[in-house]
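S.K.: A single structure is presented below for examination.
Since every read-out is calculated from the coordinates, none of them should be taken as a lab result. This is a predicted model, so every value here is computed, not measured. In this analysis, Cβ positions are derived from the backbone assuming ideal geometry, glycine residues included, and neighbour counts consider all displayed protein chains.
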Amino acid sequence: MSKILEIDNLSYRKNSKTILNHINLSLDSGKIIGLLGENGSGKTTLMRLIAGVNASSEKNITVNGMTQKSKIKSQVSLSDYLDGFARSSRIDDIVRFYRNAYSDFSDEKYKEISEYLNLDGSKRLASLSTGTRGKLVIALALSRETKLYLLDEPLNGIDSMSRKKIISSIIRWKTDDSTIIISDHYVTEIASLLDDIVIIKDQTVYEVDSVENIQMKYHLGIEEYYEKVYEGGLAR
Amino acid sequence: MEYIDNIPIYLQIKEILYHKIISHEYEPGSQLPSVRQLAVQFTANSNTVQKALKEMTEEHIIAAQRGKGNFITSDETIIGELRDRIVKSTLDETYDKLHALKMSNDEIIDSFIKYVKQRDDDHE
């Protein structure tokens, strides 16, 4: 299997505070991977570093064989929570922005996904419920035709019906050769989607394993395993 | 979908598909839904569904037809064997539990006959 992502000894400090420390990671392409860690553990920072949004001077991140930041950007679709858009923007305006900003944005894919999620293009950002806004974020992220998708807590604060639709659209529109990394601090709902998990703890990668191995090795569900790791009650 | 969280999903998907095949919800010889359709139905990812199907192919319960997808065997013997296997594993557990209560074989059989009658009456 080819590698979609390789990170070699990445550390990141912000305002003299260590956020990530000696991160090493190597992920196979084609999978759905859960990036787990409590709030403030550095999941978002890691995603932003992978996507090339946060500045890091070193070349220790390789995406799909590429290390040059400008090339990586075209390989990665990072979910964007749309905070940069005016509250009066209509969904259609945001879609137009995406179409102009990303040459890999597929109108056809957006049309399918937005129909499935019942997104009305004439609605303004300010009028959207949290659930609908979450659906829009996912529809936009998945409509780019890239190799790596980084979905940062896509279910956070979203009602259960919308969560189901979002999960289902991830399954429906993931292409076989693309890889999706989903971060979350609450695992149960996405557990059945995941091939592998990456646990971030103490500013670094605590564990990378397949969900299946964890179930076989510890006879634990992912949620339970993850909680035990954080409580420090698991002998390795 | 509700899964048991400490058992690999692909094994649980296999169990569900077995039941659909044995109960003829999926007819012998008929085509299975596509991997993607099954993935959506099972809220699982396609790699997991593919793993379940790969094992079922090795067990000759399904077979791929080039360019068409996966088909359920039309061989009733194989389906019969599958049913026997599931009946056995279901009974294994009950038998072991009752045996652990020091019940004799006759007592186990008697209580099971009584139980089935009772269930039938409850249904009427």
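S.K.: Mean-square fluctuation check for chain B, GNM, Cα pairs under 10 Å: which of B:Leu82, B:Leu53, B:Leu11 is largest?
M.R.: For chain B, modelled as a Gaussian network with Cα springs under 10 Å, the answer is B:Leu11.
S.K.: Tell me, what ³J(HN,Hα) does each residue in segment A:109-122 have, in order and in whole Hz, if you take phi through Karplus 6.51 cos²θ - 1.76 cosθ + 1.60 with θ = phi - 60° and put x for Gly and Pro?
M.R.: 5, 4, 4, 4, 5, 5, 5, 4, 8, 6, 8, 9, x, 7
S.K.: Apply 1/(1 + (r/R0)^6) to the Cβ-Cβ distance of A:Met216 and A:Arg99, taking R0 = 35 Å, and write down the FRET efficiency to the nearest 0.05.
M.R.: Efficiency, rounded to the nearest 0.05: 0.20.
S.K.: For each of A:Lys174, A:Lys135, count neighbouring Cβ atoms within 10 Å of the residue's Cβ, then give the residues from fewest to most.
M.R.: In order of increasing Cβ crowding within 10 Å: A:Lys174, A:Lys135.
S.K.: While we're looking at this one, here's another question. Using a Gaussian network model of chain A whose springs link C-alpha atoms within less than 10 Å, name the residue from A:Leu78, A:Leu27, A:Leu35 with the highest mean-square fluctuation.
M.R.: The residue that fluctuates most here is A:Leu27.
S.K.: Taking the Cα centre of chain B as the origin, how large is its charge dipole in debye, to the nearest 20, when only Lys and Arg (+1) and Asp and Glu (-1) carry charge on their Cβ atoms?
M.R.: So the dipole magnitude of chain B works out to roughly 680 debye.
S.K.: I would also like to ask the following. May I ask what percent, to the nearest 5, of DSSP beta bridges between residues of segment A:122-236 are antiparallel?
M.R.: Percent antiparallel among DSSP bridges in segment A:122-236 is about 55.
S.K.: Amide H to amide H, which residues 5 or more places from A:Arg144 or on other chains are under 5 Å from it, using H placed in the peptide plane?
M.R.: Here A:Ser106 satisfy the definition.
S.K.: What does the C-alpha gyration tensor say about the overall shape of segment B:4-45? Classify as rounded when a/c is under 1.5, otherwise prolate if a/b is larger than b/c, or oblate.
M.R.: Oblate shape, in that a/c is at least 1.5 and b/c is the bigger or equal ratio.
S.K.: Right, another one. How many angstrom separate the Cα center of segment A:157-236 from the Cα center of segment B:18-56?
M.R.: 23
S.K.: Then there is this: From Cα pairs below 8 angstrom and at least 6 apart in sequence, can you work out the relative contact order of segment A:3-231, rounded to a whole percent?
M.R.: 26
S.K.: So, one more: Only residues of segment A:56-94 count here: report those whose backbone N is under 11 Å from the spot 7 Å along Cα→Cβ of A:Ser168, or say none.
M.R.: The answer is none, because no backbone nitrogen lies closer than 11 Å to the label point.
S.K.: Just report the Cα centroid separation between segment B:71-101 and segment A:111-133, whole Å.
M.R.: Centre-to-centre (Cα) distance: 49 Å.
S.K.: Right, another one. Pick from B:Leu91, B:Leu101, B:Leu17: which is most flexible by mean-square fluctuation in a GNM of chain B where alpha carbon atoms under 10 Å apart are linked?
M.R.: It is B:Leu101.
S.K.: Let me ask something additional. Could you pull out every residue, at least 5 positions away or on a different chain, whose amide H is within less than 5 Å of the one on A:Glu207? Hs are placed 1.01 Å off N in the peptide plane, and Pro or chain starts have none.
M.R.: A:Ile199
S.K.: If a/c stays under 1.5 just call it rounded; otherwise compare a/b with b/c (prolate if a/b is bigger, oblate if not). Do that for the protein assembly as shown, with a ≥ b ≥ c from the square roots of the Cα gyration tensor eigenvalues.
M.R.: prolate
S.K.: Follow-up. If you put +1 on each Lys and Arg Cβ and -1 on each Asp and Glu Cβ, how big is the dipole of segment B:1-57 around its Cα centre, in Debye rounded to 20?
M.R.: The calculation lands at about 220 debye.
S.K.: Now for a different question. With θ set to phi - 60°, apply the Karplus curve 6.51 cos²θ - 1.76 cosθ + 1.60 along segment A:144-157 and write out the HN-Hα couplings as whole Hz, x wherever there is a Gly or Pro.
M.R.: Each residue of segment A:144-157 in turn: 7, 9, 10, 8, 10, 10, 10, 10, 8, 6, x, 9, 4, x Hz.
S.K.: Using +1 at the Cβ of each Lys and Arg and -1 at the Cβ of each Asp and Glu in the protein assembly as shown, identify which of A:Trp173, B:Tyr95, A:Gly232 lies farthest towards the dipole's positive end.
M.R.: My answer, from the dipole projection, is A:Trp173.
S.K.: A further question on this structure: Please check chain A for the longest run free of GluC sites (Glu not before Pro) that are loop-located per DSSP (anything but H, G, I, E, B) and have at most 16 other Cβ atoms within 10 Å.
M.R.: A:146-236
S.K.: Once every DSSP H run of n ≥ 4 in the protein assembly as shown is given -39500 (n - 2.57) and the sum is divided by its residues, what mean residue ellipticity at 222 nm do you get, rounded to the nearest 500 deg cm²/dmol?
M.R.: -14000 deg cm²/dmol, from helical runs alone.
S.K.: Hey, can you grab everything whose amide H is under 5 Å from the amide H of A:Asp28? Only 5+ residues off in sequence or another chain; H modelled, so Pro and N-termini drop out.
M.R.: Residues meeting the amide H criterion: A:Ile4.
S.K.: Still on this structure, please answer the following. Specify which residue in the list A:Ile199, A:Ile72, A:Leu151 is farthest towards the positive end of the charge dipole of chain A, using unit charges on the beta carbon of Lys, Arg (+1) and Asp, Glu (-1), about the Cα centre.
M.R.: A:Ile72
S.K.: Still on this structure: At A:Met161 and A:Asp202, where each label point lies 7 Å from the Cα along Cα→Cβ, what is the point-to-point distance in nanometres?
M.R.: Taking the simple label geometry, A:Met161 and A:Asp202 are separated by 4.6 nm.
S.K.: With charges only on Cβ, +1 for K and R and -1 for D and E, what is the dipole size of the protein assembly as shown about its Cα centre, in debye, rounded to 20?
M.R.: It comes to approximately 2080 debye.
S.K.: Hey, another quick one. Can you pull the one-decimal nm distance between simple spin-label points at A:Ala55 and B:Arg36, each 7 Å off the Cα toward Cβ?
M.R.: 4.2
S.K.: Something else about it: Would you calculate the separation in nanometres between label points at A:Asp209 and B:Arg85, each defined as 7 Å from the Cα along the Cα-to-beta-carbon direction?
M.R.: 2.8
S.K.: Which ³J(HN,Hα) values, rounded to whole Hz and listed in residue order, are derived for segment A:208-215 from phi using the Karplus coefficients 6.51, -1.76 and 1.60 in 6.51 cos²θ - 1.76 cosθ + 1.60 with θ = phi - 60°, glycine and proline given as x?
M.R.: Taking θ as phi minus 60°, the curve returns 10, 7, 7, 4, 4, 4, 5, 5 Hz for segment A:208-215.
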